1. Dipole magnitude of the chain about its Cα centre, charges +1 at Lys/Arg Cβ and -1 at Asp/Glu Cβ only, in debye to the nearest 20?
2. Be a star and scan the range 127-169 for residues whose amide nitrogen sits under 13 Å from the point 7 Å along the Cα-to-Cβ vector of ALA259.
3. Could you quote the convex hull projected area for the range 170-275, Cα atoms only and averaged over all directions, in nm²?
4. Quick one: Debye curve from the alpha-carbon atoms of the range 249-311 only, equal weights, vacuum; give me log10 I(q)/I(0) at q = 0.24, 0.26 Å⁻¹ to two decimals.
5. Using helices alone, I'd like the mean residue ellipticity at 222 nm for the chain: each DSSP H run of four-plus residues gives -39500 (n - 2.57), total over residue count, nearest 500.
6. Just the projected area, averaged over all directions, of the convex hull on the alpha carbon atoms of the range 1-84: how many nm²?
7. Can you sort TYR201, TYR89 from fewest to most other Cβ atoms within 10 Å of each residue's own Cβ?
8. Between GLU77 and GLU116, how many nm apart are label points set 7 Å from Cα along the C-beta direction?
Amino acid sequence: MFPGQASQYVGMGRDLHDRYPQVRSLYQQAQEITGADIAGVSFDGPPETLQQTNYTQLAILVHSVAVASLLRVHGIEPDFVAGHSLGEYSALVTAGVLDFEESLRLVRLRSALMHEAGQRRQGTMAAVIGLSPREIDEVCRAASAEDEPVQPANYNAPVQTVIAGAVPAVQRAMDSARSAGAKRVVPLKVSGAFHSELMEYARQGLAEAIEKAPFARAETPVVANVTARAVTEPDEIRRLLIEQLTRPVRWAESMQTLADHGVDTVVESGPGNVLTGLMKRMHRGIGILNADRLDDVTAVTETIGRPVAEH
């Protein structure tokens, strides 16, 4: 499982970069292709720069792909991959659908378009805890107006949903959610209403690049954000990746799909532990492993991998 935006932190990836030449190579490729000092911003910040969408998304992508590459060296091959929002690109690289260089180009464009879409149509997001998806859907319908939409953006857990939309509509939805009995309603510090119709400008801009990019058939099934179903065919993956920008991330359903396929262990590959935290609360019988820092990667490889010579 691969994390999305908001999992970043200053220092991420430094210990892996210092230890493994293959990781240093990935960061070097990232700088050559994007022109951005992803390593420097990831390792040293400042936090304000790392939090900028154009750095955040690339930093998380490189870190996540680096971790997955180290796990593969130690014989850890996934039966399924899934990534939350941005993390879907890391999943596609790991599944052999996109090569790393192409993922960098697409994510660089994606982050720029999402930032511009947020400037063109200002929006925001909020997390709502304690209401069911059906209740959230109703809250959003009631709070939406013709030029002020709000909609579910991330169905993260059975009672944890993120909403996104125009600022006044999100505020109305937050008030309604509290009145409907939500335990917590938390505004999020974001530059736009991601995974909502306010990202239509970004969707249109990214669609052309995705259509032109070389996509291969997935070597490992990818559980898609938009449908929460496992997909392997390039054309379907392309279509869903384009839709992803304006459609909600069905993460809770995606984790149920993994459970239904008999998955008994998940590894969160990349910064943070948000996704394993969600899985732990939803499916207590599934083993949880985090692979972020060097010690984590070592622990995971010792638990489910096999010893190999250092690369």
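1. Working: 29 positive and 38 negative charges, 130 e Å.
Dipole about the Cα centre, nearest 20: 620 debye.
2. Under 13 Å, as judged by backbone N against the label point of ALA259, lie 157-159 of the range 127-169.
3. On the way: hull surface 36.4 nm².
Mean orientational projected area (the range 170-275, Cα hull): 9.1 nm².
4. The Cα Debye sum returns log10 ratios of -1.04, -1.14.
5. Working: 14 runs with 158 residues, N = 311.
That comes out to -15500 deg cm²/dmol.
6. Details: hull surface 21.5 nm².
Directional mean of the projected Cα hull area for the range 1-84 stands at 5.4 nm².
7. Details: TYR201 19, TYR89 27.
Going from sparsest to densest Cβ surroundings: TYR201, TYR89.
8. 4.1
Throughout, read-outs are computed from the coordinates displayed, never taken from laboratory work. Computed from a prediction, not measured in an experiment: that's the story for all the values here. Cβ atoms come from the backbone with ideal geometry, glycine included; neighbour counts cover every protein chain shown.
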